[in-house]
Amino acid sequence: MSVCGAYGEYYCQRSNINLKSKRAKAAADCMLANTDMSCGPPPTCMRDSLEEACPDASADAACADYVTRCSPAVPLTDLECHGMVDGLNATGRASLQTCVNANNCQYGLWSCFEGL
């Protein structure tokens with residue numbers, strides 16, 4: 001069973017699949033921080049853990065593309081993009097790219113991120 005127990009199992013699995021290992025652990029720790037059954041707000045915990053990721057220059061090209069493609073629908077800065085992309089592993093980045101390509105980022109990058 002996932003470290004988050006039954007309530008957050010789905011989000012912990014998604015974190016382990018899509019986030020770099022330290023970011024996945026930070027997301028799980030956030031979800032477990034509450035003592036009640038809420039297990040923390042999983043999407044917020046995932047995003048917060050990503051915002052603490054170390055800068056990763058390998059995300060520069062993707063973020064340049066996302067800022068250009070997503071900003072007409074929902075404004076996005078390079079810093080905001082890196083706050084979501086730097087902590088993603090290759091699987092997470094590929095899934096994000098698939099979503100952006102599928103809907104041309106019409107609902108913003110965060111909407112694609114929520115689907116990870």
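The numbers here are math on the coordinates, done by the rules we state, and not lab data. Only a predicted model underlies this, so the values are computations on that prediction, with no experimental measurement involved. All Cβ positions, glycine included, derive from the backbone under ideal geometry; neighbour counts span all protein chains shown.
Just a few scattered comments:
- Of [x] 2, 13, 25, 28, 21, 9, 2, 0; [y] 2, 13, 23, 23, 17, 11, 7, 3, 0; [z] 2, 10, 14, 12, 9, 7, 6, 5, 5, 4, 4, 4, 4, 4, 3, 3, 2, 1, 1, 0, 0, the label for P(r) over Cα pairs in 5 Å bins from 0, in percent derived from the coordinates: [y]
- Unit charges on C-beta of K, R, D, E only; dipole of the chain, Debye: 280
- Structure remark: mean-square fluctuation, Gaussian network model of the chain, C-alpha springs under 10 Å; the largest value among 15, 95, 49 belongs to 95.
- Where Rh is the Kirkwood radius over Cα pairs, Rg/Rh for the range 57-114: 0.91
- The angle separating the long axis of helix 42-51 from the principal Cα axis of greatest extent in the chain is about 60 degrees.
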